[in-house]
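Structure record follows, encoded as structure tokens.
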Amino acid sequence: MGKSLQDQLLGLGLTDNKKQKKNEKEKKRQEHLKRTGQENNADESREKAEQARKEKAARDKELNKQRDEEAQKKAIKAQVQQLVDNNLISATQGDIKYQFVDGKKVKSLYVDQAVWDRLSKGQLAIIAHRNSYAVIPLQIAEKIRERDDGHFIVIAEQTDGQMDEDDPYAAYQIPDDLMW
């Protein structure tokens, strides 16, 4: 009689004694489970293990998604900081007080006359920057809004000087040099 398949594979070098013993042990275990009726329990435990593996994969995927979102927020914040630092308009030596609204509070920033004029015309913007406020060009403020819509930015409304028809004070002109 010829050799068994396992002996032939062993003779050809396609398997080794360890694999052969492992296969025999698994075969005996399966036969034992069939005889004792515990084969169904093994299938159930495999199904539970598979379900647990799928749940863990879904949980890991959600955690990775949150981590990626946080990293993206951090990168956007760094980009905003860099844009403001690179395009900051120095207005520290001003003696004119420019007032603006931050939430429900009125804040003020001391600037010089040229910056005050450009701020009031809506050509410059004020942005919250490192626990203070900074003056930046309008184009940079728009770039920051594209990246982070929730960042605090103040831009004065541009008015073209037209009066309402029903305004009782329309005949009175306000002097340009009037400071509030």
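The values are calculated or read from the model by the stated rules, or taken from the named source; none is laboratory data. Not measured: the values here are computed from a predicted model. Methodologically, a virtual Cβ is constructed for each residue, glycine included, from the backbone with ideal geometry; neighbour enumeration extends over all protein chains shown. Accessible surface areas use protein heavy atoms only, side chains included; no ligands, DNA or RNA. Shrake-Rupley method; radii C 1.70, N 1.55, O 1.52, S 1.80 Å.
Here is a list: Q81, Q72, Q66. Which entry is part of a helix (DSSP H, G or I), polar (S, T, N, Q) and open to solvent by less than 60 Å² (accessible area, probe 1.4 Å)?
The unique qualifying residue is Q81.
Which residues, taken from region 99-130, are exposed (fewer than 13 other Cβ atoms within 10 Å of the Cβ) and within 21 Å of the chain's Cα centre (by Cα)?
Answer for region 99-130, where residues must be exposed (fewer than 13 other Cβ atoms within 10 Å of the Cβ) and within 21 Å of the chain's Cα centre (by Cα): just R130.
Yes or no, residue by residue, for (1) assigned to a loop (DSSP other than H, G, I, E, B); (2) open to solvent by less than 100 Å² (accessible area, probe 1.4 Å):
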| residue | (1), (2) |
| --- | --- |
| K3 | yes, no |
| Q6 | no, yes |
| L9 | no, yes |
| T15 | yes, yes |
| K18 | no, no |
| K21 | no, no |
| E26 | no, yes |
| H32 | no, yes |
| R35 | no, no |
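Output the number of the condition that Q51 fails; it satisfies all remaining conditions of (1) modelled with pLDDT of 90 or more; (2) under 30 Å from the mean Cα position of the chain (by Cα).
Among (1) modelled with pLDDT of 90 or more; (2) under 30 Å from the mean Cα position of the chain (by Cα), the lone unmet condition for Q51 is (2).
For residues in region 131-152 being hydrophobic (A, V, I, L, M, F, W, C) and at pLDDT 85 or above, which is surrounded by the fewest Cβ atoms within 10 Å (Cβ to Cβ)?
The residue in question is L138.
Of the numbered conditions (1) modelled with pLDDT under 90; (2) within 34 Å of the chain's Cα centre (by Cα), D164 satisfies every one except a single condition; which is it?
It fails just one condition, (2).
What is the residue count in region 128-151 for residues that are touching a strand residue (DSSP E or B) at 6+ places or on another chain (Cβ under 8 Å) and assigned to a loop (DSSP other than H, G, I, E, B)?
Residues meeting the conditions: 1.
For D95, only one of the following conditions fails: (1) open to solvent by less than 100 Å² (accessible area, probe 1.4 Å); (2) at pLDDT below 90. What is its number?
Here D95 meets the rest and fails (1).
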